[in-house]
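Taking it in order: structure first as structure tokens, then the write-up.
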Amino acid sequence: MPSVVHLQGRSIMPTSDNIKTYEKEGGMAILDLQESFARTLAIFAAIYVLCIVSALLAFRLYVVLPNRVTNARVTPPSVTEQHVRTTPAALLVVLGSGGHTKEMLTMLQGLEPLRYRPLVFVRAESDARSEGMVKAALPPPSELPSSSVSFSKPDYVLTVPRSRSVGQSWLTTPLTTLRALAASVALVARLQPDVILCNGPGTCIPICAAGYILRFLGVKHVKIIFVESFCRVTTLSLTGKLLYWAADRFLVQWPGLRDKYPQAEYLGQLC
């Protein structure tokens, strides 16, 4: 004989329908608990995987960052290169308006041509003046003597989009910056230079970032040499502040800057 169930002060005679309803509701409650536990477990698993991936990415970034030494232990580049490199280094030079190109061309006069081949220049699309300055200062590749600089191709001044134009709205800056970065990655990946040389123009930020992407992915260890502009006497430029901990060599042209930024190198006035 079925037992009487007392529910909220009432006596209810259980039937087969009631029993099935209770079993169904109980089963649904168990399924809800199982689904909730599965979702919680999936969230914790995703967080765990995200932490592991983030840690690995952070470690990889730490590995590819430059290990620059203090000023007291800096070795002049000429001595270092004589012991490290025995083949020419492919050099990518970043040009910029506002006097950066003139300073860069002055510095390049002191390079040993046979040690830096090919030599390729890159400028912003809107900086047409720099290309004219380069072609006026350096002869076309067809006119270069065999012992002089070897360029990669006749059109050795390449262009990338500008990250941000003067007076451009900050709302559109992220889009133009991404466009400049994408173009810079494509250019650096195609050229795969051994060294990127820059002296402060904003164009060098996406170019150097592209070099770091190749480093990070293990494609090529592109070295970055940053030379602060001669005009920066007491403080670094914005580009210099961004690349201070990223450049493999960070050179300043005034001793006061070397004293203020101990990871910088002072080799005298280079331009």
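What follows is calculated from the coordinates using simple rules that are stated; it is not laboratory data. Please read these numbers as outputs of a predicted model, since none were measured by experiment. Neighbour counts run over all protein chains shown; Cβ positions are idealised from the backbone, glycine included.
In terms of packing, defined here as the mean over residues of other Cβ atoms within 10 angstrom, the peptides 181-187, 216-222, 169-175 line up highest first as 181-187, 216-222, 169-175. Working ranking of peptides 197-209, 40-52 by packing, defined as the average number of other Cβ atoms within 10 Å per residue, highest first, is 197-209, 40-52. In terms of other Cβ atoms within 10 Å, R115, R123 run from fewest to most in the order R115, R123.
Mean projected area of the convex hull spanned by the Cα atoms of the range 178-271, taken over all viewing directions: 5.9 nm².
Calculated FRET efficiency, L238 to L41, Cβ-Cβ distance, R0 = 51 Å: about 0.60 to the nearest 0.05.
Between S54 and T173, the modelled label-to-label distance comes to 2.6 nm, taking each label 7 Å out from Cα in the direction of the beta carbon.
By the count of neighbouring beta-carbon atoms within 10 Å, fewest first, V94, V227 end up ordered V227, V94.
Residues I224, I196, arranged from fewest to most other Cβ atoms within 10 angstrom of their Cβ, appear as I224, I196.
Between R190 and A136, the contour length at 0.36 nm per residue exceeds the alpha carbon distance by 16.8 nm.
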